[in-house]
Amino acid sequence: MKQLKHAMKPLAGLVALGSLLALAACGEQQQQQAAAPAESEVEKETIVWKLAQTWGTGFPIFGDAVIKMADMVKAMSGGELEIRIDSSNKHKAAFGILDMVKAGQYEMGHSASYYWKGKDPSTMFFSTMPFGMIAPEQYAWFYYGGGMDLMKKVYDKQGVYSFPGGNTGNQMGGWFAKEINTLEDLNGLKMRIPGFAGEVLSKLGVVVTNIAPGELYTALERGTIDALEWVGPSLDLNMGFQKISQYYYTGWHEPATELQFMVNKEAFDSLPAHLQEILVTAMQYAAYDMYAHSYHESAVNWASIEEEYPDVKIRTFPPEIIAEMKRVNQELLAESAAADPMFKEILESQAAYMKMARKWTEISDYAYLKDNLE
Ligand code: CA
């Protein structure tokens, strides 16, 4: 009997038959009960992972997406995989996430791909690009237009797997102390704006700085900077910029900022297939969910800014400025593409996809919206 039980152990589907046999062998019933807890402990062994995020403790929307992903993984896996989250308050390395995940200090990370442009300029394409795709177009490119394959190619070089990690939607062009009417108004303007957009603006005479989020309010209030961009109403309201700045410009630089989940390769490959599937599903769900969450928070918060801060005025950069931004953007992209075949490949993939998808956007959402704004 003991031998039979042992032989049957791997056949999980025969549990019912095993119970019948156990019942039949009444003399052994007690022995089997005694052995049961040890076996179930082995089956339910929890894999505990650690995730490092760029964001601080309690950071809204971005941090919520990470918590949702981890909660889903735990629930869907019946507790087999547990992901514990460390915020930047703990690990003190907001911009060291990629290095820590690569080294295996953390199995996972949550950040934004364009933070790694210093390691590889091609990483920028997986966040957003000035004058690039809007979120629905970009998600279509990621999942059906070859984007995931290109991201894998780029991140294979970095030694981690990368996945979309939540979209902010179209970001606002920033808060400005003064109205921007001509190109001359940009000359010497001190602005906090990171990424490729910062490079574009610096070619137009803007003095570009990058200031830590916690110091932005004071910098703008004291006039250390004349302008800044952060995200949009979803996150700007809590920062309080509406109290000290009157001109809120529409966006051109981050039309669909996608955050990023990262997973250490060895850790991911060592997971059983069902946990890999659960993890990938939870990350994709959390990413889409964050897009909806961002949209909601932006709509609600903008309504509140409009009501409580009637002095805030929405502005769009004049056509001559937009045209110049586009020209410089193209010039910088061409320079990088000439120096880097991978950059060129992704640039061409995105440009071709956007050209096609934009035609559809034009006769669908755009056509509908331009006549139905009320
Ligand atoms: Ca931004």
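Which stretch or stretches of region 114-151 have amide N atoms under 16 Å from the point lying 7 Å from Ala351's Cα along the Cα→Cβ direction? The answer is 122, 125, 129-133. Modelled spin-label separation between Thr209 and Leu183, with each label point placed 7 Å from Cα along the Cα-to-Cβ direction: 2.6 nm. Of interest is the spacing of the C-alpha centroids, which for region 73-93 and region 290-335 amounts to 33 Å. Have a look at Ala94, Ala103, Ala338 and tell me which one the Gaussian network model of the chain (Cα, springs below 10 Å) gives the largest fluctuation. Comparing Ala94, Ala103, Ala338 in the GNM, the peak value goes to Ala338.
Helix 135-144 and the longest principal axis of the C-alpha atoms of the chain enclose an angle of approximately 40°.
Amide H to amide H distances under 5 Å link Leu259 with Gly165, Gly166, Asn167, Thr168, where only residues 5 or more positions off or on other chains count and H is placed in the peptide plane.
Number of Lys-Lys pairs in region 300-374 with C-alpha atoms under 24 Å apart and a separation of 8 or more places or on different chains: 9. With Cα atoms as the point set, the radius of gyration and Dmax of the chain evaluate to 25.5, 94 Å.
Percent relative contact order of the chain, based on C-alpha pairs within less than 8 angstrom and at least six residues apart?
Values: 550 pairs, mean separation 76.8, N = 374.
Dividing the mean separation by the residue count of the chain yields 21 percent.
Taking every DSSP beta bridge that has both ends in the chain, the antiparallel portion is near 50%. Between the Cα long axis of helix 319-339 and the first principal axis of the chain there is an angle of about 50°, rounded to the nearest 10.
Between Asp289 and Lys90, residue separation times 0.36 nm minus the direct Cα-Cα distance comes to 69.0 nm.
Extension gain, Lys359 to Ile305: 0.36 nm times the residue separation minus the Cα-Cα distance gives 16.1 nm.
Within the chain, which is the longest segment containing none of the trypsin sites (Lys or Arg not before Pro) that sit in a DSSP loop and have at most 15 other Cβ atoms within 10 Å? My reading of the result: 223-374 is the longest stretch. Entry note, the chain: the mean residue ellipticity at 222 nm calculated from DSSP H runs of n ≥ 4, each adding -39500 (n - 2.57), is -15500 deg cm²/dmol after division by the residues and rounding to the nearest 500. What angle do you read, to the nearest 10 degrees and between 0 and 90, between the alpha-carbon axis of helix 341-361 and the longest principal axis of the chain? Here the helix axis deviates by roughly 80 degrees.
GNM remark for the chain: springs join alpha carbons under 10 Å apart, and the peak mean-square fluctuation among Thr250, Thr218, Thr316 falls on Thr218. In this structure, the pairs whose alpha-carbon distance is over 28 Å, taken from Lys203/Lys265; Lys50/Lys157; Lys92/Lys119, are Lys203/Lys265.
Straightening the chain between Ala273 and Thr46 buys 80.2 nm, computed as 0.36 nm per residue apart minus the Cα-Cα spacing. Between Glu374 and Val280, the simple label model (points 7 Å from Cα in the Cβ direction) yields a spacing of 4.9 nm.
By other beta-carbon atoms within 10 Å, ranking Met148, Met283 with the fewest at the front produces Met148, Met283.
Here the residues Glu107, Glu374, ranked from fewest to most Cβ neighbours within 10 Å of their Cβ, fall in the order Glu374, Glu107. In order along region 195-200, the Karplus-derived 3J(HN,Hα) couplings, from 6.51 cos²θ - 1.76 cosθ + 1.60 at θ = phi - 60°, round to x, 5, 4, x, 5, 4 Hz, and Gly and Pro are given as x. Here the Gaussian network model covers the chain, with springs between Cα atoms less than 10 Å apart; of Tyr217, Tyr139, Tyr248, Tyr217 fluctuates the most.
Read-outs: derived from the displayed coordinates by stated rules, not from any lab. Model, not experiment: these values are computed from the prediction. When we count neighbours, we look across all protein chains shown, and the Cβ atoms used for this are built from the backbone with ideal geometry, even at glycine.
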